[in-house]
Amino acid sequence: MKSNLTLENQLCFKIYSAEKKMMKLYRSYLDELGITYPQYLVLLVLWEQDAISVKELGEKLTLDSGTLTPMLKRMETNQLITRNRSKKDERVVVITLTPKGKAINKEAECIPNNFLEKVSLNPNDLKVLSDLLTKVVER
């Protein structure tokens with residue numbers, strides 16, 4: 001009988017290996033845009049909903065403010081976003097896209113399809129994988 005403690009039986013290692021390969025592939029696209037993967041995630045959220053608080057952004061991305069704040073400062077320095085205090089509540093910092101941040105959207109539109117072509121998953125397999133990963137994250 002095979003032991004449960006073999007590398008090939010570790011789901012965590014398969015997810016880890018897949019994540020490493022995904023990041024390498026994404027990096028090839030994102031380097032051309034001059035952004036990192038975490039910055040891409042921030043932009044994805046802002047392209048859906050511009051003007052979001054740092055707290056809401058952190059909740060969506062499951063990142064704490066200690067991680068998020070330095071990244072947002074770099075993004076502001078690179079003129080992708082602005083950070084402003086809310087007029088309703090000075091304690092709240094609101095993130096909005098700049099024209100440059102909005103413009104990157106057009107350049108990034110091809111990334112999901114390019115990624116799917118590289119990993120050669122059919123739409124059904126992609127849906128199954130996505131659903132399973134969502135279940136893992138939610139539990």
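A short reminder: the numbers here are calculations on the coordinates, not readings from a lab. In this text, all values refer to a predicted model and were calculated from it rather than measured experimentally. Don't worry about glycine lacking a Cβ; one is built from the backbone with ideal geometry, like all the others, and counts go over all protein chains shown.
Each eigenvalue of the Cα gyration tensor of region 15-113, multiplied by 5 and square-rooted, gives one semi-axis; in descending order these are 24, 16, 11 Å. Between 133, 108, 92, the Cα set farthest toward the positive side of the dipole of the chain (charges on each charged residue's Cβ, about the Cα centre) is that of 92.
Between residue 109 and residue 69, what is 0.36 nm times their sequence separation minus the Cα-Cα distance? Round to one decimal in nm.
11.8 nm
I need 6, 98 ordered by Cβ neighbour count within 10 Å, fewest first. Don't skip to the end; give the middle numbers.
On the way: 6 9, 98 15.
Least to most surrounded, the residues fall as 6, 98.
Within the listed set 121, 11, 68, the residue fluctuating most in the Gaussian network model of the chain (springs between alpha-carbon atoms under 10 angstrom) is 11.
Can you tell me how much longer the chain between residue 47 and residue 28 gets when fully stretched, taken as 0.36 nm per residue apart minus their C-alpha distance, in nm with one decimal?
Numbers: separation 19, 0.36 × 19 = 6.84 nm, distance 2.11 nm.
Stretched out fully, the residue 47 to residue 28 stretch lengthens by 4.7 nm.
Over the residues of the chain, the helix contribution to mean residue ellipticity at 222 nm works out to -20500 deg cm²/dmol, using -39500 (n - 2.57) for each DSSP H run of at least 4. When both region 71-107 and region 22-69 are represented by their alpha-carbon centers, they are found 12 Å apart. Site pair residue 55 and residue 11 shows an inter-label distance of 3.4 nm when each label is modelled 7 Å from Cα along Cα→Cβ. Quick one: if you stick a label point 7 Å off each Cα along the C-beta vector at residue 79 and residue 4, how many nm between them? Result for the modelled spin labels: 5.6 nm. You can think of it this way: the chain between residue 92 and residue 20 has 22.5 nm of extra reach, that is 0.36 nm per residue less the Cα-Cα gap.
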